[in-house]
Amino acid sequence: MPKSLFYQELTDNLSALLSGENDLIASLANTSALLYEKLDTINWVGFYLNDGDSLVLGPFQGKIACVRIGFGKGVCGTAYSENRILRVSDVHQFSGHIACDSASQSEIVLPLKVNGQIIGVLDIDSPIFDRFDKKDENGLKALCDVLCEHLKTCHTAKYCEFCVS
């Protein structure tokens, strides 16, 4: 199946999965579970959310993870601070990479923007070098756009500054 079709189906699955749910944590938890189940050759997928002075671990699938990442630190903190997608073919070549799982070889991180505010990032790791290409980036960006649109309707006390109540 072409990647563009795969990601369109994945995004459609996500829309159906999130339909009617207005809890932020439940929405992110099911999103990470869906991605972990459907993406091949990945070993970790999850979210880091803005906690005021750093990114804090959110819902994820995979091995135990780093709990806090400073803004501008590692791939996640850099993607967040620079508000841009980072696709890293070899994490060992990324200056300041934070190794939570030594099996991870490549990574893609996508900022999440809700109501004009970056609230965190989606982080996906792979045990394969150069796992993520431009088609993965485009597909995951479209999926994140749908997720962020959905998150506008969510509410969870800690993160309500970007929510619609």
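Annotations for the structure displayed:
- Surface listing: Phe94, Phe132 arranged by accessible area from highest to lowest gives Phe94, Phe132, probe 1.4 Å.
- Taken over the range 8-57, the alpha-carbon convex hull comes to 86 cubic angstrom per residue.
- Taking all protein chains into account, the per residue accessible area for the range 21-88 stands at 44 Å² (1.4 Å probe).
- The slack in the chain from Lys134 to Ala103, taken as 0.36 nm per residue of separation less the alpha-carbon distance, amounts to 8.9 nm.
- Think of the chain as a dipole: +1 on every Lys or Arg Cβ, -1 on every Asp or Glu Cβ, centred on the Cα centre; then among Gly116, Pro2, Ser102, Gly116 lies furthest on the positive end.
- Charged-residue dipole, Cβ positions (Lys, Arg, Asp, Glu), the range 31-153 about Cα centre, Debye nearest 20: 180 debye
- Estimated purely from DSSP H runs of n ≥ 4, each contributing -39500 (n - 2.57), the mean residue ellipticity at 222 nm for the chain is -11500 deg cm²/dmol once divided by its residues.
- Think of the range 1-160 as having a plus end and a minus end, set by charges on the Cβ of Lys, Arg, Asp and Glu; of His92, Ile25, Gly52, Gly52 sits farthest toward the positive end of this dipole.
- Annotation for Lys152 and Thr41: the two label points, set 7 Å from Cα along the Cα-Cβ direction, are 3.6 nm apart.
- Accessible surface ranking for Ile108, Ile128, 1.4 angstrom probe, highest first: Ile128, Ile108.
- Computed across the range 2-147, the Kirkwood radius stands at 15.1 Å (inverse of mean 1/r, all Cα pairs).
- Among the protein heavy atoms of the chain, carbon and sulfur supply 51% of the accessible surface, probe 1.4 Å, non-protein parts ignored.
- Karplus-derived 3J(HN,Hα) values for the range 134-143, using 6.51 cos²θ - 1.76 cosθ + 1.60 with θ = phi - 60°, are 4, 5, 4, 4, 5, x, 6, 4, 4, 5 Hz; glycine and proline are entered as x.
- With each label modelled as a point 7 angstrom along the Cα→C-beta vector, the Gln117-Asp90 pair spans 4.0 nm.
- J(HN,Hα) series, the range 31-42, from Karplus relation 6.51 cos²θ - 1.76 cosθ + 1.60, nearest Hz, glycine and proline x: 5, 5, 5, 4, 5, 5, 6, 9, 7, 8, 6, 10
The values are calculated or read from the model by the stated rules, or taken from the named source; none is laboratory data. Note that the structure is a prediction, hence the values are computed from the model and not measured. When we count neighbours, we look across all protein chains shown, and the Cβ atoms used for this are built from the backbone with ideal geometry, even at glycine. Just so you know, the surface numbers come from the protein's heavy atoms only, side chains and all, with ligands and any DNA or RNA stripped out. Shrake-Rupley method; radii C 1.70, N 1.55, O 1.52, S 1.80 Å.
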